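Student: The following block contains the structure, expressed as structure tokens.
The values are calculated or read from the model by the stated rules, or taken from the named source; none is laboratory data. Bear in mind the structure is a predicted one, so any value in this text is a computation, not a measurement. So basically every Cβ, Gly included, is an ideal-geometry build from the backbone, and we count neighbours across all protein chains shown. With ligands, DNA and RNA removed, areas are computed over all heavy atoms of the protein, side chains included. Shrake-Rupley method; radii C 1.70, N 1.55, O 1.52, S 1.80 Å.
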Amino acid sequence: MVSRVQTVAFHGVEAVPVDVQVMLSPGKLVMSIVGLPDKAVAESRERVQAALHACGLSMPPKRITVNLAPADLPKEGSHYDLPIALALMAALGAVPADALNDFVVIGELSLDGGLTSVAGALPAAIGANALGKGLICPAGSGPEAAWADTQMDILAPVSLIALANHFRGTQVLSRPKPAIAASAATVPDLADIKGQETAKRALEIAAAGGHNMLMVGPPGSGKSMLAARLPGILPPLSPKELLEVSMIASIAGQLPDGKLSDRRPFRAPHHSASMAAMVGGGVRARPGEVSLAHNGVLFLDELPEFSPQVLDSLRQPLESGETAIARANHRVTYPSRIQLVAAMNPCRCGMAGEPGHVCRRGRRCVTDYQARISGPLLDRIDIRVDVPAVTAADLIAPASMEKSEKVAARVRRARDVQHQRYEGSPSGPRTNAAAGAKLIEKLAEPDKPGRKLLSDAAHSMKFSARAYHRILKVARTIADLDGVETIGRVHLAEAIAYRVASERLANAA
């Protein structure tokens, strides 16, 4: 007789059904696991045997064969422990086999029979709900699994014996409740920054429209401080965005205690990050920093210090909103709709363009340093702003009284306008930065003076087609912040100024 329990394998953020089959046959006591298991799955036989012994069940003096079907799908991770143990207990008669038919099972076993949290509980719960089944998972993963559907059955025991008692009717397991992580008590405030009014304005526009942004300035001018205050003015995640972000975080095992967060992700990898760390990869094709920043911000400080290959690997995610990791035996796609915010010094010594400074290397100090960033990547950055050194007068003067809360209110109003504008769009953008070229030409058509200014600027500055449309997107966001429908000359002038800011820098030193 063969007992069966259903579990899942993870392919990106998708949960693929896997059938765990256990058969007891005459022969020497040995437990074999087949079906392309990795090392973690193969070691589960030791954990399963120890956990069953801790629960008072002895292994039968028979040959035990565990098959993970389909056999040609690689099985990775420790979440196969619990389904294997339950299938074996069903074969032994310790739990009713028919009680397991309505559940998908995931969980890692401790040697004492306890259940340990596993990555991927939320995608597994969504996959189980799509199959019309409930979910059995460890207690630590229950709060995130409960977000899948308020009506589906979810059992989240702390141990194997508690689950067995539930099926025997001697103990009742209550459904876990969805949990949200508490927001940080203190968030850096824009009011702390003295001076840099132009950079603050650019940061507000970038937040309102989801635009990519590059800040260029000497060391100590406040670039990192400005970037750290961006999360404080961004709107919270919508329910749909929250689910997308949480599924990626769940696969990566980055939901502590199974609690979801409505704060937009803010990822700031070190400039020594490898390509696999940035875009994802490895043996199990896990999500990288780009995917973990989905619907949030990816901040790259000291931009030219990153490997040129790593930086160029961002071009596809910035354009398409997803990252495809292709290997010889599998291909995985993760959503990666990010807002890129970067900061850099103008040159190697960091002081190019500063009054009174003369670099010994001359112009080479600028050109060699900035040449580490490719033109196609720069072309995908909507807003480029100079962040000059803070003067003594700025430091002595009182700090700006406009707090992040007030700026966030304006950003939220602009985002609400964009949500209503794109709600019925077939391409599904959520911000001006994500709108397609054809759509933005329709929705960001300037008036006559603005059209002439844009035409003259595009002709004299040799804008690419991508640059032309990104200027329109930024101008559309500026008009949204002003609360007007028609894009005028003043909106386009400001958008063009942000586009050409770095060209002035190239002529410095």
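Student: Counting other C-beta atoms within 10 Å, and keeping those with at most 15, which DSSP coil GluC sites (Glu not before Pro) do you find in the stretch 401-493? Working shown, then result.
Tutor: Details: sites: GLU402, GLU405, GLU423, GLU441, GLU485; in loops: GLU402, GLU423, GLU485.
Here the GluC sites (Glu not before Pro) that fit, given the DSSP loop and packing criteria, are GLU402, GLU423, GLU485.
Student: Could you point to the label whose value was computed as log10 I(q)/I(0) by the Debye sum over Cα atoms at q = 0.08, 0.10, 0.11, 0.13 Å⁻¹ for the structure here, given (i) -0.52, -0.80, -0.96, -1.30; (ii) -0.43, -0.67, -0.82, -1.16; (iii) -0.61, -0.84, -0.94, -1.16?
Tutor: Computing log10 I(q)/I(0) by the Debye sum over Cα atoms at q = 0.08, 0.10, 0.11, 0.13 Å⁻¹ and matching it to (i) -0.52, -0.80, -0.96, -1.30; (ii) -0.43, -0.67, -0.82, -1.16; (iii) -0.61, -0.84, -0.94, -1.16 gives (iii).
Student: Taking trypsin sites (Lys or Arg not before Pro) that fall in a DSSP loop and have at most 11 other Cβ atoms within 10 Å as cut points, what is the longest piece of the chain between them?
Tutor: Numbers: sites that count: LYS28, ARG327, ARG360, LYS462.
The longest uninterrupted stretch comes out as 29-326.
Student: Give me the one-decimal nm value for the distance between modelled label points at SER25 and SER110, 7 Å along each residue's Cα-to-Cβ direction.
Tutor: According to this spin-label approximation, the distance is 3.6 nm.
Student: Now for a different question. Residues in the stretch 168-194, backbone N under 14 Å from the label point at ASP262 (7 Å along the Cα-to-beta-carbon vector): list them, ranges by number please.
Tutor: 179-184
Student: Which shape class, rounded, prolate or oblate, goes with the stretch 1-58 when its Cα gyration tensor gives a ≥ b ≥ c as root eigenvalues, a/c under 1.5 marks rounded, and past that a/b bigger than b/c marks prolate? Let's see the in-between values first.
Tutor: Working: a/c = 1.95, a/b = 1.63, b/c = 1.20.
In terms of gyration-tensor shape, prolate.
Student: Follow-up. Please compute the length gained on full extension between SER224 and GLU485, using 0.36 nm multiplied by the number of residues separating them and subtracting their Cα-Cα distance.
Tutor: Using 0.36 nm per residue and subtracting the Cα-Cα distance, I get 90.6 nm.
Student: I would also like to ask the following. Once both axes come from the Cα atoms, what is the angle between helix 121-130 and the longest principal axis of the chain, in degrees from 0 to 90, rounded to 10?
Tutor: Value to nearest ten degrees: 70.
Student: For the stretch 215-367, just the Cα atoms, rotate onto the principal axes and tell me the three extents in Å, largest first.
Tutor: Answer, in whole Å and largest first: 54, 40, 26 Å.
Student: Still on this structure: Where the centroid of each part is defined by its Cα atoms, how far is the stretch 430-451 from the stretch 42-121 in Å?
Tutor: 56 Å
Student: Hey, which of these cross-link pairs are over 27 Å Cα-Cα: LYS39/LYS240; LYS75/LYS133; LYS406/LYS462; LYS240/LYS473; LYS200/LYS438; LYS403/LYS448? It would help to have the intermediate numbers written out before the result.
Tutor: On the way: LYS39/LYS240 35 Å; LYS75/LYS133 21 Å; LYS406/LYS462 38 Å; LYS240/LYS473 24 Å; LYS200/LYS438 30 Å; LYS403/LYS448 37 Å.
Pairs exceeding the cut-off: LYS39/LYS240; LYS406/LYS462; LYS200/LYS438; LYS403/LYS448.
Student: Using a/c under 1.5 as the rounded threshold, could you call the stretch 130-249 rounded, prolate or oblate? The axes a ≥ b ≥ c are square roots of the C-alpha gyration tensor eigenvalues, and prolate needs a/b larger than b/c, oblate otherwise. Mind showing how you got there, number by number?
Tutor: Values: a/c = 4.36, a/b = 3.09, b/c = 1.41.
Prolate.
Student: Let me ask you something else. Whole number in Å², please: accessible area per residue of the stretch 211-258, 1.4 Å probe, ligands, DNA and RNA not counted. Before the final figure, lay out the partial values.
Tutor: Numbers: 1530 Å² over 48 residues.
Per residue, the stretch 211-258 has an accessible area of 32 Å².
Student: Please report, to one decimal in angstroms, the Kirkwood hydrodynamic radius of the stretch 396-490 built from all distinct Cα-Cα pairs.
Tutor: Averaging 1/r across every pair of different Cα atoms and inverting gives 14.7 Å.
Student: Could you work out how much longer the chain between VAL158 and GLN309 gets when fully extended? Use 0.36 nm per residue separation minus the Cα distance between them, nm to one decimal.
Tutor: 49.8 nm
Student: What full-extension length gain, to one decimal in nm, is calculated for ALA409 and GLU46 as 0.36 nm per residue of separation minus the Cα-Cα distance?
Tutor: Stretched fully, the ALA409-GLU46 segment lengthens by 125.1 nm.
Student: Which value at 222 nm does the chain reach when only helices count, each DSSP H run of 4 or more adding -39,500 (n - 2.57), with the total divided by all residues and rounded to the nearest 500 deg cm²/dmol?
Tutor: -10500 deg cm²/dmol
Student: Related question: Once the Cβ-Cβ distance between VAL283 and ALA182 is put in as r, and R0 is 30 Å, what FRET efficiency do you end up with, to the nearest 0.05?
Tutor: 0.30
Student: Is the C-alpha gyration tensor of the stretch 20-115 telling us rounded, prolate or oblate? Criteria: a/c under 1.5 is rounded; beyond that, a/b larger than b/c is prolate, otherwise oblate. Walk me through the intermediate numbers first.
Tutor: Numbers: a/c = 1.23, a/b = 1.15, b/c = 1.07.
Rounded.
Student: Now for a separate question. In the chain, carbon and sulfur make up what percent of the accessible area (probe 1.4 Å)?
Tutor: Looking at the chain in its full context, I get 55 percent from C and S.
Student: Note down the magnitude of the dipole of the stretch 307-430 about its Cα centre, charges +1 on Lys and Arg C-beta and -1 on Asp and Glu C-beta and zero elsewhere, to the nearest 20 debye.
Tutor: Dipole size: approximately 200 debye.
Student: Starting from the 7 Å offset along Cα-to-Cβ, what nm value, one decimal, do you get for the label separation of ALA328 and LYS448?
Tutor: Calculated label separation equals 6.6 nm.
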